[in-house]
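Have a look at the structure below before the remarks.
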Amino acid sequence: MAEATDLVLERVLDAPRALVWRAWANPDHLKSWWAPKPYETPECEMDLRPGGRFYTRMTGPDGFDFRGTGCFLEVVESEKVTWTSALGEDYRPNDLGPSGCGAFAFTAAVTFADAGDGRTLYRAVAMHASQADRDAHEKMGFHEGWGTCADQLGEVARGLAE
């Protein structure tokens, strides 16, 4: 980890790793937790393989409407998924746009580890090209937003056990 350019979020989720993975890796489940409520994710497409497309659309009550497209770089079932906004499907360069959520590229490495007692250690590292990009992402609410989403992921995963 590079402190100057990385942001890290860790949570221990009260659900087994297999269910947390299932909630992360299934587009229908991902739509339930990807955006911090009251924001929503009405669209999600994922081709969960290296080079595969990762697309989400997030909307909010304030008129927020963001479409994000990325590329999966690494997929290890129930252990790790790495994706980047810098690339689109088949590793093609992405047009990030001039401002807002897509203004800077980042790569996210998400890991899932057993935390004992049927719980999962969820760790997300957002890697940026510069400290300025990292700071911009942090000011957008990285810790609060990604933290809320991680908590929502845990809730969805717990619901899958029922």
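Calculated on C-alpha atoms, the gyration radius of region 56-139 divided by its Kirkwood radius gives an Rg/Rh of 1.03.
The slack between Glu155 and Leu96, meaning 0.36 nm per residue of separation minus the straight C-alpha distance, is 18.1 nm. With a simple spin-label model that places each label point 7 Å from the Cα along the Cα-to-Cβ direction, the separation between Thr148 and Lys37 comes to 1.1 nm.
Put a dot 7 Å past the Cα of Gln131, heading toward its Cβ, do the same for Val12, and the two dots end up 3.3 nm apart.
Put in order of Cβ neighbour count within 10 Å, fewest first, the listed residues Tyr55, Tyr91, Tyr122 become Tyr91, Tyr55, Tyr122. Shown in residue order for region 129-139 are the 3J(HN,Hα) couplings computed by the Karplus curve 6.51 cos²θ - 1.76 cosθ + 1.60 at θ = phi - 60°: 6, 8, 5, 4, 5, 4, 5, 4, 5, 5, 5 Hz (x for Gly and Pro). By its C-alpha gyration tensor, with a ≥ b ≥ c as the square roots of the eigenvalues, how is region 1-60 shaped: rounded for a/c under 1.5, else prolate for a/b larger than b/c, else oblate? It comes out rounded by the Cα gyration axes. Residues Phe54, Phe64, arranged from fewest to most other Cβ atoms within 10 angstrom of their Cβ, appear as Phe64, Phe54.
The structure shown yields Cα extents along the principal axes in Å, and of the options (1) 46, 39, 27; (2) 44, 35, 31; (3) 39, 38, 28 that calculated value carries the label (2).
Once the chain from Asp65 to Arg22 is taken as fully extended at 0.36 nm per residue, the excess over their C-alpha distance is 12.9 nm. A helix-only calculation puts the chain at -7500 deg cm²/dmol for mean residue ellipticity at 222 nm, using -39500 (n - 2.57) for each DSSP H run of at least four residues, averaged over all residues.
Projected label points at Thr111 and Met140, each 7 Å from Cα along the beta carbon direction, are separated by 2.4 nanometres. Taking amide H as placed 1.01 Å from N in the peptide plane, the amide H of Leu87 sits under 5 Å from that of Cys71, Asn94, each at least 5 places away or on another chain.
The residues Cys149, Cys44, Cys71, when put in order of fewest to most other Cβ atoms within 10 Å, stand as Cys44, Cys149, Cys71.
Coordinate-derived values only; no laboratory data. Quick caveat: nothing in here was measured; it's all calculated off a predicted structure. Glycine also receives a Cβ, built like all others from the backbone with ideal geometry; neighbour counts cover every protein chain displayed.
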